[in-house]
Every structure is written in structure tokens, then in C-alpha cells.
Amino acid sequence: MTLSPDEIIQRRVALELHEGTLVNLGIGLPTGVSKYIAPSLGILFQSENGIVGMDSRPPEGMEDEELTDAGGGYISAVPGAATVDSTMSFGLIRGGHLDATVLGGLQVDEKGHLANWVVPGKMVPGMGGAMDLVSGARRVLVAMQHTARGNPKIVPECTLPLTATRRVTLIITDLAVIEPTDAGLVLLERAPGVEVAEIVAATSARLIIAEVVPEMAFGG
Amino acid sequence: MTLSPDEIIQRRVALELHEGTLVNLGIGLPTGVSKYIAPSLGILFQSENGIVGMDSRPPEGMEDEELTDAGGGYISAVPGAATVDSTMSFGLIRGGHLDATVLGGLQVDEKGHLANWVVPGKMVPGMGGAMDLVSGARRVLVAMQHTARGNPKIVPECTLPLTATRRVTLIITDLAVIEPTDAGLVLLERAPGVEVAEIVAATSARLIIAEVVPEMAFGG
Amino acid sequence: MKKGVTPEEAAAMISDGAVLMIGGFMGVGSPHRTIAALVERGVRNLTIIANDTAKADYGIGKLIRAGAVARLVASHIGLNPETQRAMIDGVIDVELTPQGTLAEQIRAGGYGLGGVLTKTALGTTAAEGKKIIDIDGEPWLYAPPLKADFALIACDRCDHNGNVSYQLTATNFNPVMAMAAQTVICEPREIVPVGVIPPDHVNTPGVLVNYIIRRGAHQ
Amino acid sequence: MKKGVTPEEAAAMISDGAVLMIGGFMGVGSPHRTIAALVERGVRNLTIIANDTAKADYGIGKLIRAGAVARLVASHIGLNPETQRAMIDGVIDVELTPQGTLAEQIRAGGYGLGGVLTKTALGTTAAEGKKIIDIDGEPWLYAPPLKADFALIACDRCDHNGNVSYQLTATNFNPVMAMAAQTVICEPREIVPVGVIPPDHVNTPGVLVNYIIRRGAHQ
């Protein structure tokens, strides 16, 4: 089985999500993680615009203009879903009731700080719910390509404005799984067929590397 | 028509309540004000345990154990009532959405300060919602007997702990209507058949008295 | 799906010295079966956060009479003379807080906020010894967030996943307490299949509820 | 009963320089007819408080394109390039605020609170120049309450008394904005007799709503 970079990231992130918990998947790459989650696990996906238990887009013609995700796209709801207003939605996020948030990243640094909301002078989208998610979720999982146009995104110190000063829980890329710790960034796993040297070369931050770095093990 | 002291107070308070507004009536004497309000006015009564649009006790056998007032007594609901949780209930009170609160008083003083929640060492009921109501309602109407066992309740300075440092809007008793102002307590009206001298004698606070103090004028 | 537990199993999770939030207003919307099981278990030294203690030997008043409570945070104890006596005698350490402030403190605990800034009680004896925060020259009374080990809540309906809907004035403090405790135990009047409660009528999403009290023998 | 007004009558109440809260999330749950009437009226110099500005020439994006907005407080403008351009060009003064903080600031305004204490954005560039409040040695970012002259909200159902119920993700900022403005104008999808919405399903009590937008010609 040859997996695309996105598939590697999404499948590996899926392994981090636990039965019966509430999870927020960011727009884009993180959204695709849900494809790899067995419904039997009872994991509920939150969309911060106000739903606990979002489901994928309904069949053509069945869309409801009052049921969308945070990007404004049509969604459906699982049986047992709950809809909430914005204060409650962010109460769930900021009060520590969200087990995990999966977000994309522009940069992550040796302290585990994430930058993902602005490129000054170029891109000013606003932070939306990103700062709340990174500050409030129990676990922050960064899901991103290891490099952008060949440039490392895992850097000694973020040059872009931070999303939060809190250390993220785990960085999952198409090359590696890396855990920020007090001592620094620890390389935990390699993507299938990827050598440690390749990861080090694609990373400008210092990595702490164990003698044996196992390959990511996917269920399927 | 001879009115009882309670009736005088309740009928006079009723004249202060405005069409289409939200009003909180305290337990006891204030609750009886609703008897004198025409339903056509569309005044909604709030009970701070979580209802906008409370109605009187339902017929025997129709009570619902999940529908009560702040004293735990059975109530009904008017058509168009809304039930809310405690945070929203007090959001309505503290956010200035309540047009008037009608409360009993133990003492009111020359600054218009109300004391009605505790008699240290004797009675420690707790303030419940009283402090929120006096701090947050747009208008605070004190409805009480002018004296307690012959002793004035309108005093130079409260000796009992205050409910709030905010000046109340109006004091309505079985003898008089008094408005606290920057200059002090202004005697606005006399109860039917009551002389100004009688009011002054029953009041230990200084009263500002106009040349003509009209009698309370009730609609009915 | 959540595990259904008996009131006794729920009570067995709660140890001496635990901090409990208990829903209800004068016993309306209180988890009466869970409270009775707690009394039966003989737990001691509890801290209770609740609006009131209902009446003597009713609702939370049962825990007061049983001597299970060491500390109480409430807004009103006026209709329970046993709680008043225990306060005056120094048997229970009672902190009286304005009802709206109490509700916001619990919400702040559950919503990850640093506390509450309010005008209520400012300048009164109820503010003595409390922190005043100046915002642009204006004083506000600060009240800290409240959290608990357990929230014991009651509701009208609960589905198999723990989605909860409340009814009428039995709602009161229950939804906000369900946000503010480590473990939430919910005592429903009725348990229904998933989907019976529409998404817009779920007041407390099931992810917040850890245990559902099973229906009673006679139900 | 409330007065039903046309979108044009509602727009006529809103003068140049007014501060508006507008409900909606990417246009979902926004009062589209009221917005269109405001654009038609040609009002200027507005301050808008809203989660986002939807898309170019859609929802609040219509007010942006019309040049009606001088100041914007929002959490996200990434999907409306016209708002981004207006911000970079200095045409609109844009304050970007984390979404959860923005929701709490509006709530604080409507609930009479002195502001919000949050960890979100603490230590980031988004906190620069903002007040930090120390609580027992821990820093919290302070965000002031927000209020408005008008809240323009949208809802699924509204009864003749102005009782409102929202639906699904069209709820978002609408209920909290209905608490925080001097005048609340509600644009319902459906208007029903009093009693059709049960008390437990009223999300915004009618006492908060000043005007109801009448049904449209084709409705």
C-alpha cells in the first residue's frame, strides 16, 4: 500500500483520537482525518460554529442552509448530535471539554509553539477559533506537511506570530511524529520508508533522536 | 373603598409598572402586586429560578413539580412564557433587561440605600437574588410597611447590612410614596386619608416635603 | 453509549471530603435518588456548591441533616432552619454568595475563564475581604471560578449517549454545573433512545456526562 | 405584541455612525433582508461587531463592498478578500479578536459583567497593548465588555411577542447579541402565533426583541 502524504498524516492522526471523546478538526487537511475513524468509536466531531456531532456533506438536494461547518460548507449531523450557540461552543473548547484539536501549522518550534494564523503583511485572515482551540483543548495535534516548498516548517524558533504560548501535544507530518517536551523536540516515529536522516535534513529545529525510531504503525 | 395597608402598597406599586416590560416581584407582599395588573398590559413577571412569564398557581391537581417560583411554590406560565437557566435568568437581571424589581425592605435610609437581606446574629437567610436585583434592575421599587412594630423603617442611615450601595428608585409604603434624590428623601404622595404629619412622625429619616403633597391616585 | 449506574453505584464513587455541585432550586431539579443514596452511604466532610439547601430533610437538606457537609457555598439558606443553625453553631462553614454571582462563578469554572467581574455586592459586607479590580477607574468585585470533583445533576430527559434536556424551572443550575465538574452524574426522569431529543433541544451534550442513573424499580 | 416592520423601516432607524452587532457565521444565521435594506439606504461610517464578514458581496460582505463600514470587530475575515484589502489599505479599522473571546465580550456586555478574563491570546501579538490582570500570581488577559446600539439578528422562528427560537448552526452569535444591544431587530424565517414555541424552546425571550421584520412579499 502506498499512501499519499495527506493519507499518511490523516491515518496517523486518527490513531490519536480516543473512543467517546469530542474532537475539533480544522478546515482542510485535518477534516480528512474523519475518513479514518470507525463510527463504532463514538468520537464526536465539533464544528466551532455550533455543533457537536457533525457529519459529512449530505446527498445533493438534502442540504440545509442552517447547517454548515466553520467554513460555511454544508454538513450533516450524526444521530445524537447537539447544536449550541457560540458561547457554549467556545465554553466546550476553552473549558477543557474538547479532548483534542487537530490543526494545520505554518511553523512549530523547539519549544512546541505553534504559528498558524497570520503571515504579517501577506495574509491577515484573523485567528477565528484557532487561538481558543490551541489554548483550551486538552491535546493539541498539529497535522501538516513536514516542509513547505522545500523549506522546513519545524524550526528553532517561530518567526511568524504565535497562535498560543502553550506547548502543543504532538506534531504529525508526512515524514514523522514529533513530541515537544521540556528537553526539546523528540522524534518518536518515522513515516513508512522514511529514514531518520531524511527527517533531520527536512527539519531546521534540533531533534532528539532515540537509538531506535520505529515506523508509524497504521491499523489498516 | 377602604383599603388594607397591603392593598394600598400593592395598588400603588402596580401604577409604576409599564406595558410590555419584564418585572420581578419578590416573595411575599410584592407578589400580590400582580393582582392589580391588567393582563392586556403584557407585563411579564420573572421568577429568578428561571422563568419569564410566570402565572399564578394552577388549579388543584394540575401542578407540575418542575414549574415553581423562587420560593418553591407551584406556579403556572402565561402563553408566550420562556424558561431559562440560572445564568440567563441573572443575565436578564444584571444586564439591565429587567425594567423593575419590587422588593420588601427592612430599612431604607436617606441615601436611598436598602437593607433587606440579613439581621446579623438573628436571621441569616442569605441574599439569594436580592443583591443582583437591586444592583441590576433598571428601577428598584421598595414595597414595605412604613414601620415595623411601631418603629420607623425609613431611617437616617441603615444600621443593618446593605443589599447594595446603589440608590433605590422609589419607596412605596402604606403611608407614603418617597423618592430618594441627591438632596435626600422627597415625600411625593400620601396614602388616602393620611396626613403629612403622620408620615413625618413615622419616619426617622429627614423628609423633603413640598407645599402640596397629593394623595395617591389609584386607577380603580 | 454511557454506562447506566444505580444511585448506590454512583454514591460509591464519592469519597469523604469530595467537592460536589448539586443542581436544583429548593429541591426542584435536584437529583433526589442520588442524594438519598449518598446519605445512605454515610459519606462525610463534603463541600457542597448549590443554590440552596432546600428544606429540612428534603433535597440537599437530607445531606445537611445527615451531617455529611463540612462546607457549603450557596446563595440562600433561609428556608432550611437546620442549615442556618449549623452555620450559626459553626458546624458547617457556610459561604453565602449572590445567586447571579454564584451561577457565573460556576460557569467561569466550566468555561475556562479566570473569574467574574461584577457590581453585585460591591460595597456591602458580602464583599468584605474580597478582591476589587479597577478597570479604567471603575471598581468591580472579583469572584473566582468554581469547580467540583462531581456534579450531581437532574434532568427531564436523557438519551443513551447522555444528551440531556431540561424542563421548565427544573433547569436552573444543572446545565452550568454539568460544565464545571470532573465527573458528571446525571439523574434523568426519563431515558430515551438516541435521536429522540433533537439537536436543538439538547441542553447538555452527552460528552459532558459521565454516568447516567438507571431507571428506578418502579419506573 | 411587537410591531412588525419592513426591512426598509428597520434600516431607517439606523443612522450613520451607529454601532451594530450582526448575527451569523459566514452568512449562516445572518439577517440578509435587513442587511440588503441597510445597503440600499446608503448608511455610512458604521461600526460592525460580528464573527466575520462572510464572503465578497454576501451577508455582511455587502456592507463592506458598499463602503458602509468604518470599523470592524471580528474574529475572521479570511474568506472575504475585500475586507482584507480594506484592512491593509487602512480603509476599515479592523480589530481581530479570538472567536471565543469575542463571544464572551458580547455576553459580558449583555449580562452586566465588567469584562472577560481569558488565557486565549495571552503572550501572543494579539494581546499587545492589552490589559493583563494578575489573579493569585497567574496572569489573565482582560477583554472589555461589548455593547451596541442595534443588534440585527436572524432566527428560524419568532412569535408575535418576539419570542425567538434558533435552529442548528444558524444560532451562533444571535442569542448573545440579542442581550447586548439597546435595540434588537429580529429577522425571522417564520412568524408564528404566541404559544407555538414552547417555553423550553424559546432561546431569546420576547422582552429582548424590539422589532420583528415582517414576512417578505413572496413568503
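Quick notes on this one:
- Spacing of the two label points (7 Å from each Cα toward its C-beta) at residue D:130 and residue D:182, in nm: 2.7
- Over region A:127-173, Cα pairs under 8 Å with separation of 6+ residues give a relative contact order of 54 percent.
- If only the Cβ of Lys and Arg carry +1 and only the Cβ of Asp and Glu carry -1, the dipole of the protein assembly as shown around its Cα centre is close to 340 debye.
- The trypsin sites (Lys or Arg not before Pro) found in region B:125-220 that occupy coil by DSSP, while having at most 12 further C-beta atoms within 10 Å, are B:149, B:206.
- Gaussian network model of chain A, springs between alpha carbon atoms under 10 Å - residue of A:179, A:198, A:66 with greatest fluctuation: A:66
- Chain A: angle of helix A:5-14 to the longest principal axis, Cα-based, in degrees nearest 10: 70
- Per-residue average of Cβ from other chains inside 10 Å of C:26-32: 4
- Residue among D:183, D:204, D:169 with the largest mean-square fluctuation in a Gaussian network model of chain D, springs linking Cα atoms under 10 Å: D:169
- Applying the Karplus relation 6.51 cos²θ - 1.76 cosθ + 1.60 with θ = phi - 60° to region D:50-57 yields 3J(HN,Hα) values of 7, 4, 7, 10, 6, 10, 4, 6 Hz, where x marks Gly and Pro.
- Amide H contacts for residue B:77 (H built 1.01 Å from N in the peptide plane; partners 5 or more residues away or on another chain; cut-off under 5 Å): B:55.
- Anisotropy class of chain D from Cα gyration tensor, a/c 1.5 cut: oblate
- Pairs of Cα atoms nearer than 8 Å and 6+ residues apart set the relative contact order; for region A:5-209 it is 19 percent.
- ³J(HN,Hα), Karplus 6.51/-1.76/1.60, whole Hz, each residue of region B:73-81, x for Gly, Pro: x, 5, 9, 10, 10, 6, x, x, 6
- Local electrostatic count at residue A:213 - Lys and Arg +1, Asp and Glu -1, tallied over other residues with Cβ under 10 Å: -3
- Counting Cβ atoms of other protein chains within 10 Å of each residue's Cβ and taking the mean over peptide A:48-61 gives 4.
- Under a model in which nothing but the beta-carbon of Lys, Arg (+1) and Asp, Glu (-1) is charged, region B:5-209 shows a dipole of about 660 debye around its Cα centre.
- Charge dipole (region C:1-63, unit charges on Cβ, about Cα centre) - positive-most of C:34, C:6, C:50: C:6
- Whether region C:17-95 is rounded, prolate or oblate, judged on the alpha carbon gyration tensor where a/c under 1.5 counts as rounded: rounded
- Fully extending the segment from residue B:198 to residue B:56, taken as 0.36 nm per residue of separation minus the present Cα-Cα distance, adds 47.5 nm.
- Cut-off under 5 Å, modelled amide H: who pairs with residue C:192 long-range: C:158, C:159, C:160
- The Cα center of region C:125-195 and the Cα center of region D:9-51 differ in position by 35 Å.
- In this structure, the amide hydrogen of residue A:15, modeled 1.01 Å from its nitrogen in the peptide plane, lies closer than 5 angstrom to no residue at least 5 positions away or on a different chain.
- Taking a ≥ b ≥ c as the square roots of the eigenvalues of the alpha-carbon gyration tensor, region B:5-209 is classed prolate because a/c is 1.5 or more and a/b outweighs b/c.
- Centroid-to-centroid separation of region B:151-220 and region B:30-65 [C-alpha atoms, Å]: 29
- Across B:84, B:168, B:108, mean-square fluctuation computed from a Gaussian network of chain B (C-alpha pairs under 10 Å connected) peaks at B:84.
- Shown in residue order for region B:107-115 are the 3J(HN,Hα) couplings computed by the Karplus curve 6.51 cos²θ - 1.76 cosθ + 1.60 at θ = phi - 60°: 8, 10, 10, 5, 7, x, 7, 9, 10 Hz (x for Gly and Pro).
- With a 10 Å cut-off around each Cβ of D:124-136, the average count of Cβ atoms from other chains is 4.
- For chain C, averaging the sequence separation of C-alpha pairs within contact (under 8 Å, six or more residues apart) and dividing by the residue count gives a relative contact order of 23 percent.
Each value in this text was obtained by applying a stated rule to the coordinates, not by laboratory testing. Fair warning: this is a prediction, and the values are worked out from it, not measured in the lab. Reconstructed Cβ throughout: ideal geometry from the backbone, glycine too, with neighbour counts over all protein chains shown.
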